[in-house]
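**Student:** Questions regarding the structure given below will be posed in turn.
Bear in mind that the values in this text are calculations on the coordinates, not laboratory data. What you see is a predicted model, and the numbers here were worked out from it, not measured in a lab. Cβ: placed from backbone, ideal geometry, glycine included. Neighbour counts: every protein chain shown.
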């Protein structure tokens, strides 16, 4: 039997077959979202999740749990890959991964030969930071509010290659885009080679004007790397429209894939210049697959990305974004009236989506988070660094307006 016949028999060609495999011993309850015009649409979405009944989950920024549809597809993939064993791994694993990556690239608005599937944003961006062709004295620009794992890698590269890291502080409540762009512009010198910017600052949920920052930096000969961990499938955009050089995200956040999925995109001309994290020979220098050698990994996670994209498409990108903004707005409108509360996320609609950071001056964020959970059974995450003190609230599509009201009432009852 040749490979193509095997693909058909295994039900994996084009990724279509796996969705038809019956769930052994399962009821098959998982389904795609239904009629978006139904007044009960969001309740139906919520019903498609298996959620805890002893607390409200408002910390979906670390990991957005999977709806039943994606989880059951993932379980199907695990069973089928396990059934086929090494034959799957040696024959169709990489072909399927390439097909999923192409589907992902189409959703991101970039060419398929410029994108690879990674395990998360950290792996993807650290690959660029560590593999960049640094020379002693080169400079990099980043913000104090950027994610710690990438800042740590920049520190390591500074020790290893003798580069200089220039840190900037992004204003929490900017009045204009130009105010933010200028912060980065002032840090650039003739030695600056790479600028990292967060598409959405993870601790506050502030969306930065990436296109304007990239236009400024690239006009001065500086490459731009974007941390999009919280952006993809959260609010609408095309990577191609950002005019950056590198873009990475974690898909187990807002796309709700299984844990351990992300992607890295880079301009074609940069591919030969980046050293891979793991040795890879025999692949053309301009083939991005040379950066994707990570050894044996769970292929069923890759396959589930395609199902997550189907779920997201069926829900509708605009519909999802509007719902997330509505949840944010419902909570914000009430918290703004609480005298002892402080919001650390910009009010401008262009500068936020779902995430909002709320603090209580005079109370440690860790205590605030503990009280919210112990007294009101609401789970959040405490943020206490670089001038941001509060709890990050991250609702997902399964959360309700009533849960936003419940949180607002709880914050109103907590005093320092």
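**Student:** Given labels modelled 7 Å from the Cα in the Cβ direction, how far is it in nm from residue 179 to residue 94?
**Tutor:** 5.1
**Student:** In whole Å, what is the distance between the alpha-carbon centres of segment 258-294 and segment 365-416?
**Tutor:** 39
**Student:** Suppose the chain between residue 340 and residue 40 were pulled fully straight at 0.36 nm per residue; how much longer would it get relative to their current alpha carbon spacing?
**Tutor:** 104.4 nm
**Student:** Over the chain, what is the percentage of antiparallel beta bridges among all DSSP beta bridges, to the nearest 5?
**Tutor:** For the chain, the DSSP antiparallel bridge percentage is about 50.
**Student:** Any chance you could list the semi-axes, whole Å, largest first, of the equivalent ellipsoid that the Cα gyration tensor gives for segment 285-395, using √(5λ)?
**Tutor:** 35, 20, 15
**Student:** Further, regarding this structure: Assuming a ≥ b ≥ c are the square roots of the Cα gyration tensor eigenvalues, decide whether segment 94-310 counts as rounded (a/c under 1.5), prolate (otherwise, with a/b larger than b/c) or oblate.
**Tutor:** Because a/c hits 1.5 or more and a/b fails to exceed b/c, segment 94-310 counts as oblate.
**Student:** Return 80, 281 ranked ascending by Cβ neighbour count within 10 Å, so the fewest neighbours appear first.
**Tutor:** 281, 80
**Student:** Using a Förster radius of 35 Å, what is the FRET efficiency between residue 161 and residue 211 based on their Cβ-Cβ separation? Nearest 0.05, please.
**Tutor:** Once the sixth-power term is evaluated, E becomes 0.75.
**Student:** Of the DSSP beta bridges with both residues in segment 94-310, give the percent that are antiparallel, rounding to the nearest 5.
**Tutor:** That works out to approximately 40 percent antiparallel.
**Student:** If I model a spin label at residue 50 and residue 190 as a point 7 Å from the Cα along the Cα→Cβ vector, what separation in nanometres do I get?
**Tutor:** About 6.3 nm, to one decimal.
**Student:** A further question on this structure: Sorted by packing (mean other beta-carbon atoms within 10 Å per residue), highest first, where do 172-180, 351-359, 395-403 land?
**Tutor:** Per-residue Cβ counts within 10 Å, averaged per peptide and sorted highest first, yield 351-359, 395-403, 172-180.
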